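Everything below concerns the one structure shown next.
The values are calculated or read from the model by the stated rules, or taken from the named source; none is laboratory data. Computed from a predicted structure; not experimentally measured. Virtual Cβ from ideal backbone geometry, glycine too; neighbours counted across all protein chains shown.
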């Protein structure tokens, strides 16, 4: 019995070392992008994606958002969700056409930006979300490339946004 425990523990150590080794070979940076059409004007879509305080009303997994006043003229907010509490800064805000947010916490094992590009198409809006991310820990890097889809958070965001835009004005029920 004891021999099997040593064998199993050794196997786990070798597996972890292999995962870390492969993770070290993967690039720290990644890019994921998705484009979706919405039956809403760019002003409406831009209003939804920049009303950070209302994210818990329509975004899956977002429990709370707090806006932070820093006095430097930059909009910052913290978001409590599936990855814990993360602080963001708005890097660029061009009404109805572009929004860029950046993770604003150097203590995290990951970093990056989300760029929202809006383009009017007919009576609707084409929204492209691009994540330019960095994952510092090689084990997390391996998992983020091999186990999880780099675009899964973008896909969920766009699905949630579509559902929110389909509800009548004033209907703030969460999914």
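Of all residues in segment 36-60, how many are assigned to a loop (DSSP other than H, G, I, E, B) and in contact with a helix residue (DSSP H, G or I) (Cβ under 8 Å, 6 or more places away or on another chain)? Show your work before the answer.
First, pick out the residues of segment 36-60 that are assigned to a loop (DSSP other than H, G, I, E, B): 39-41, 51, 59-60.
Filter once more, keeping what is in contact with a helix residue (DSSP H, G or I) (Cβ under 8 Å, 6 or more places away or on another chain): 39-40, 59-60.
Qualifying residue count, segment 36-60: 4.
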Please go through segment 54-91 and pick out each residue that is under 17 Å from residue 159 (Cα atoms) and either at pLDDT 90 or above or surrounded by 12 or more Cβ atoms within 10 Å (Cβ to Cβ) (or both).
54, 55, 56, 57, 58, 59, 60, 61, 62, 81
Would you confirm whether or not segment 39-50 contains a residue that is over 19 Å from residue 118 (Cα atoms), in contact with a strand residue (DSSP E or B) (Cβ under 6 Å, 6 or more places away or on another chain), exposed (fewer than 15 other Cβ atoms within 10 Å of the Cβ) and touching a residue at least 12 places away in the same chain (Cβ under 8 Å)?
no
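Among the residues of segment 112-130, are any at positive phi and surrounded by 15 or more Cβ atoms within 10 Å (Cβ to Cβ)? It would help to see each step written out before you state the result.
The first filter runs over segment 112-130 and keeps only residues at positive phi, leaving 112, 122.
With the extra rule that they be surrounded by 15 or more Cβ atoms within 10 Å (Cβ to Cβ), the set shrinks to 112.
Taking every residue of segment 112-130 in turn, at least one turns out to be at positive phi and surrounded by 15 or more Cβ atoms within 10 Å (Cβ to Cβ).
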So which residues in segment 70-107 are touching a strand residue (DSSP E or B) at 6+ places or on another chain (Cβ under 8 Å) and in a loop (DSSP other than H, G, I, E, B)?
70, 74, 75, 96, 97, 104, 105
Odd one out for residue 151, checked against (1) over 24 Å from residue 29 (Cβ atoms); (2) in contact (Cβ under 8 Å) with a residue 12 or more places away in the chain
(1)
Here is a list: 151, 144. Which entry is under 18 Å from residue 103 (Cβ atoms), modelled with pLDDT under 75 and crowded, with 16+ Cβ neighbours inside 10 Å?
144
